[in-house]
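These notes are about the structure you will find just below.
Each value in this text was obtained by applying a stated rule to the coordinates, not by laboratory testing. None of these values were measured; they are calculated from a predicted model. Neighbour counts run over all protein chains shown; Cβ positions are idealised from the backbone, glycine included.
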There are 2 protein chains.
Amino acid sequence: MSVKKLKRVVIIGGGFAGIELAKSLCKKVFEVYLVDKNNYHTFQPLLYQVATSALEAEAIAYPIRKLFKGKKNLYFRLGEVTHVDTTKNIVLLGKESLEYDYLVVATGAVTNFFGNEGLSLSAMSMKSAIEALDLRSLVLQSFERALANNNPRKRQGLMNFVIAGAGPTGVELAGALGELKQKVLPKDYPELDINQMNIYLVQSGDRVLPMLSPKSSQRAQKYLEQLGVTVVLNTRVLDYHGDYVQTNTDEDIIAKTLIWTAGVKGNPIAHMNGSTTVTKGNRISVDVYNRVIGLGNVFAIGDVASMQLEDFPSGHPMVAPVAMQQGVHLARNLKNLETNQLTTPFKYKDKGAMATVGKNKAVVEIGKMKLGGVLAWFIWMAVHLMSLVGFRNKLVTFFNWTKNYFNSDRGMRLILSKGDIIEERRERVRRWRKSLIKSE
Amino acid sequence: MSVKKLKRVVIIGGGFAGIELAKSLCKKVFEVYLVDKNNYHTFQPLLYQVATSALEAEAIAYPIRKLFKGKKNLYFRLGEVTHVDTTKNIVLLGKESLEYDYLVVATGAVTNFFGNEGLSLSAMSMKSAIEALDLRSLVLQSFERALANNNPRKRQGLMNFVIAGAGPTGVELAGALGELKQKVLPKDYPELDINQMNIYLVQSGDRVLPMLSPKSSQRAQKYLEQLGVTVVLNTRVLDYHGDYVQTNTDEDIIAKTLIWTAGVKGNPIAHMNGSTTVTKGNRISVDVYNRVIGLGNVFAIGDVASMQLEDFPSGHPMVAPVAMQQGVHLARNLKNLETNQLTTPFKYKDKGAMATVGKNKAVVEIGKMKLGGVLAWFIWMAVHLMSLVGFRNKLVTFFNWTKNYFNSDRGMRLILSKGDIIEERRERVRRWRKSLIKSE
């Protein structure tokens, strides 16, 4: 019996797409290397709960090596890809190089500030566990500071939170801040008038959750308002340097915190030679097999990939189900390629969409079914619990949610970030302005 | 009925001493302000489990405001004390000032590098949740790096861990690293030869855990060696700049990580006018009532206080039970002072000492009873679980321990610190050396 050398698949990115692909690839045919800049997979849909002190980061992040434990022909590398040479089939990770037979780019998406540098330096984003922990620290630091500040304008700025973008992330974060305002902060800060806290959810369009039906949008907005969130529609955030949020209406909002959830863009690899086409939304153009247009053995899946179909002229929505389905599907196609079987085009099975606003308050759409309230909330919880990686994470999250449900508590309100986040951002903007003046 | 103005007690420090005092003080007599630079209480005895990926920081830290929730006349202030004026009875916290009738300094202890600046810049210490998270990141980063390094000497440096000081912290940390080596890392890094990992526990004296009996020391050393720890006795660490640990014997140890648990010192307030006497170990001299020598209404409790008695010529041991007992005792004495009753001198009730090395491996001494093995381990666990603040923390810790017991797993192995800890420390040392050359 001859031992056949396995073909090597290198996957860049350990998000939903990369992890599903790595798990699904047949290890009798392939040797798999997964590369990520973090040593853990992040369950991004629950980052807002880390930011609002409901969960610890450890409950929603999962060590990739633990996921791969005991699995044959499945390897992990921690690092940032510095270069990809698609003619030599090599990925560079700093000093280390990895050859590949197949390369899969699953690098996901990053926050899109649409080129506004002041905004990118002074607004908070929430795409990683570390960013979520920073946001948690910022929120708590703001109240501690407000307590010590006797200047009413400054105190108001510390107690105003503006969220730009009313997609699921913005809505869920606004709702969670609303629950903090109603149920936790008044007991934590008896010396502060928590009624002065304002949560503004600013949306350029005319409704929240525009990907859902108008009925669900209306429901979600009602829930938000019940939790004390001010929904500001038809308004666009234009600029922010750390003190007040400039909008395209006459009303600017004084706020020391702006959280930017108003845009994401693909995160393709910067130094990748070859004829990769980057299309709208900074995503890599792929064919119906997720193959990068113009390259034979390079694929892209998940948020970073844009498969332009009749139903999806600008690519699939940048959501977890697409990423997971593409990962599973590509695993099958790669095996088919190696075993000389037919490959099949990717077809997205839309399983619906949902968002939660608060306790007993969620909206769920599955096919033509539109649910709200308690039932939707339980469905949302069940789906998210089941999707969490690992038994421990499921159990700890379930326990925390149960406890938060009955106590209306948020036990994780620890400032674990080093330094003062507000000061740090102010300093960044200061340096940037200086550099602008110099370069004039 | 006339409303009597309450006397105000300001407590600086939310460690064991400060928290016990705040909880125990009679709120009908006193208005209490507790000040801390963190917004949470840290259960320091379990920091090593955060550092070795067994627990999340959120399991052993507890928000102080949550602790004070709903309590009357009990307030918290986040901040660093910048100045204390003992003639005007004022504590300054940056811009905010707090007047007091009684001041209690409970600022605990910090790592003591005995004036060696190179050491303080390049060694890791483990006195806070953030330091423990950094240490966790460093350990994990070292293995990821070792994997990518083909230079055998450099790889060895990354896989050598030196712990200076074999008190409870050093012993527990060394044991936990030994368990990682035996049970977790081989599965996580099948490509690395984990046998190359060395854990050195360096102790200046002739036995580990010198505060216990020789019998317990012997037992603990046996346990450590069973877990693959190299115990190096009668050896003192002299210096370290990030590459190799210099000792007073001929054997230096190549290591990218030195963890310094070889000394603590009191952490008195730097800018406190008045005639405070700082004594041996940088601790504040107090009388038998924990009153700061020379000051009428200022007290010090816990690690920072040194009450020199016949039994304890250089003050009580710097351990949690002393701190907690002094907190409770001072609460009673302050009430007695206010109600014109007799105050009583503090008497330490020694409840024994213990240290755990690993699963089923601990030593416990209570009075004349000396226990080891499984029974000691269960006692250690029970005592620590009961001492943890909050039901959630107890339950999460219990659950994690149960899971780790049966799976020999450490689920928290996430690199949550920003940046590369090794590089950061190297850079610190580089800058320090530069400044030395400049100043010559």
Legend entry - Environment charge at B:Y289 (Cβ cut-off 15 Å; Lys +1, Arg +1, Asp -1, Glu -1): +2
Legend entry - Förster radius 25 Å - calculated FRET efficiency between A:S387 and B:K187 (Cβ-Cβ, nearest 0.05): 0.50
Inset, instruction - Note the distances from A:I254 to each other copy's matching label point, with points 7 Å along the Cα-to-beta-carbon direction, in nm, sorted shortest first. - result: 6.1
Inset, instruction - Using only Cα atoms, tell me the angle between helix B:214-226 and the longest principal axis of chain B; keep it within 0 to 90° and round to the nearest 10. - result: 40
Legend entry - Pairwise label distance in nanometres, A:N248 with A:D85, each label 7 Å out on the Cα-Cβ vector: 4.7
Legend entry - Computed [θ] at 222 nm, deg cm²/dmol, chain A (DSSP H ≥ 4; -39,500 (n - 2.57); rounded to nearest 500): -10500 deg cm²/dmol
Inset, instruction - Could you work out the local net charge near A:K69, counting Lys and Arg as +1, Asp and Glu as -1, over the other residues with Cβ closer than 10 Å to its Cβ? - result: +2
Legend entry - Neighbouring partner chain Cβ atoms per residue of A:57-64, average, 10 Å criterion: 5
Legend entry - Evaluated over the range A:121-171, the Cα radius of gyration and Dmax, each in Å: 12.5, 36
Inset, instruction - With the Cα gyration tensor of the range B:236-349 in hand, give its eigenvalues times 5 under a square root as the equivalent ellipsoid semi-axes, listed largest first in whole angstrom. - result: 38, 15, 12
Legend entry - Span from the the range B:399-414 Cα centroid across to the the range A:14-36 one, whole angstrom: 25
Inset, instruction - List the distances, in nm and shortest first, from the label point of A:C26 to the matching label points in every other copy, placing each point 7 Å from Cα along the Cα-to-Cβ direction. - result: 8.0
Inset, instruction - Over the alpha-carbon set of the range B:344-412, work out the extent along each principal axis and list the three values in angstrom, largest first. - result: 47, 28, 15
Legend entry - Per-residue mean of C-beta atoms belonging to partner chains within 10 Å, peptide A:408-414: 6
Legend entry - Which of A:L46, B:V286, A:V232, positive extreme of dipole for the protein assembly as shown (C-beta unit charges): A:L46
Legend entry - chain B, relative contact order in percent, only Cα pairs under 8 angstrom and at least six apart counted: 20
Inset, instruction - Once you've got the Cα coordinates, tell me which of A:K69/A:K403; A:K280/A:K351; A:K66/B:K361; B:K28/B:K88; A:K183/A:K215 are over 30 Å apart. - result: A:K69/A:K403
Inset, instruction - Determine the equivalent ellipsoid of the range A:111-262 by diagonalising the alpha-carbon gyration tensor, then write out the semi-axes as square roots of 5 times the eigenvalues, largest first, rounded to whole Å. - result: 23, 19, 15
Legend entry - Teacher prompt: B:K5 distances to equivalent labels in other copies, 7 Å Cα→Cβ, nm: 8.7
Legend entry - Dimensionless Rg/Rh of the range A:80-123 - Kirkwood Rh, Rg from C-alpha atoms: 1.19
Inset, instruction - Would you grab the residues whose amide H sits under 5 Å from the one on A:V357? Only those 5+ places off in sequence or on another chain, please, with H modelled 1.01 Å from N. - result: A:A362, A:V363
Legend entry - Electrostatic dipole magnitude of chain B [Cβ: Lys, Arg +1; Asp, Glu -1; Cα centre; debye, to 20]: 1240
Inset, instruction - Along each of the three principal axes of the Cα atoms of the protein assembly as shown, give the extent in whole Å, ordering the values from largest to smallest. - result: 88, 74, 58
Legend entry - Residue and distance (whole Å) for the chain B Cβ nearest the axis that superposes B on A: B:E56, 2
Inset, instruction - For the range B:350-407, build the charge dipole from Cβ charges (+1 Lys, Arg; -1 Asp, Glu) around the Cα centre, then report which of B:W380, B:W401, B:A353 sits farthest towards its positive end. - result: B:W401
Inset, instruction - Taking 7 Å along the Cα-to-C-beta vector as the label spot, tell me the A:E423-B:E310 distance in nanometres, rounded to one decimal. - result: 5.0
Inset, instruction - Net charge near B:A305: determine it from the other residues with C-beta under 14 Å of the C-beta of B:A305, scoring Lys and Arg +1 and Asp and Glu -1. - result: +1
Legend entry - Stokes-Einstein D for the range A:373-440, Kirkwood Rh over Cα pairs, 10 °C, 1.306 mPa s (µm²/s): 99
Inset, instruction - Please give the residues of the range B:328-369, grouped as numeric ranges, whose backbone N is less than 11 Å from a label point set 7 Å along the Cα-to-Cβ vector of B:F378. - result: none
Legend entry - the range B:10-105, Cα convex hull volume normalised per residue, Å³: 100
Legend entry - For chain A, fraction of C-alpha pairs farther apart than 30 Å, in %: 47
Legend entry - Spin-label model distance (nm) - A:K7 vs A:K37, 7 Å beyond Cα toward Cβ: 3.0
Legend entry - Student exercise, the protein assembly as shown dipole from Lys, Arg, Asp, Glu Cβ charges, in Debye to nearest 20: 1520
Legend entry - Calculated from backbone phi, Karplus (6.51, -1.76, 1.60) coupling profile of the range A:91-107 in Hz, x at Gly/Pro: 10, 9, 10, x, 7, 7, 10, 10, 7, 9, 8, 10, 10, 10, 8, 9, 8
Legend entry - Interchain or long-range residues, amide H under 5 Å from A:V231's placed H: A:L201
Legend entry - Net charge dipole size for the range B:94-182 [Lys, Arg +1 and Asp, Glu -1 on Cβ; Debye, nearest 20]: 720
